[in-house]
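Shown next, in structure tokens, is the structure this report addresses.
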Amino acid sequence: MNRRSWLLVAAVGMGLAASGCSGKSMPSSVSVTTQKLQEMVARRFPKEFPVAGLLQLQLKAPALTTVPERNMLNAVIPAELTGKVLKESYSGQLNVDFALRYESTDRTLRAHQIKVNSLEMSGLAPAMSDMLATYANALAEQALGQIVLYQLQDQDLELANTLGVEPGAITVTPQGLTVALVQKKAGAPAR
């Protein structure tokens, strides 16, 4: 083999190695926009929750914002409180922050580490507000704890699967989320 042929073979080989030997470049992450997250979450609301067997709290579709500096999302969830012990219905909002986790069984991103910032209902008597506040964490966990914020699609993971990578760290950015693709652990089944 002459020098020119050897250099050409070496250059092609290095190019294939850099692209994962597939002819395509390997993605290092999957991005999800805040708008896409908002659309997915909106489909799962409204939701109703009983409170102390006396009241009914309806939560409507949350408005999501990113909090990149804490690697979390914020949700402001419009709420309406009704019940037999109330003379009228009350409107307000539940404000929560949460992190995200990846659930490999169904390729979903779900809320976890939910932190209630506030639960406020306009015009509600202080005693009722205090009682409602005691249930705020449980309500937030019920409302968001098992909610699918996004499900990774086949096209998101098709090339990643063939190259032996899987979703890793989830990073909240000003535009939405970036899900890193990392080398699969030994013995992990292909999806």
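Bear in mind these aren't lab numbers, they're just calculated from the coordinates by the rules spelled out. Everything numeric in this text was worked out from a predicted model, so none of it was measured. Positions of Cβ are generated from backbone atoms using ideal geometry, with glycine treated the same way; all protein chains shown enter the neighbour counts.
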Net charge contributed by nearby residues that have their C-beta within less than 11 Å of Pro62 (K/R +1, D/E -1): +3
With 28 Å as the limit, write out which pairs from Lys60/Lys87; Lys115/Lys185; Lys47/Lys115; Lys47/Lys87; Lys115/Lys184 have Cα-Cα distances beyond it, or answer none. Lys115/Lys185; Lys115/Lys184
If r is the Cβ-Cβ distance from Glu103 to Gln56 and R0 is 25 Å, what FRET efficiency results, to the nearest 0.05? 0.25
How much length is gained if the chain between Glu80 and Asp154 is pulled fully straight, taking 0.36 nm per residue apart and subtracting their Cα-Cα distance, in nm to one decimal? 22.9 nm
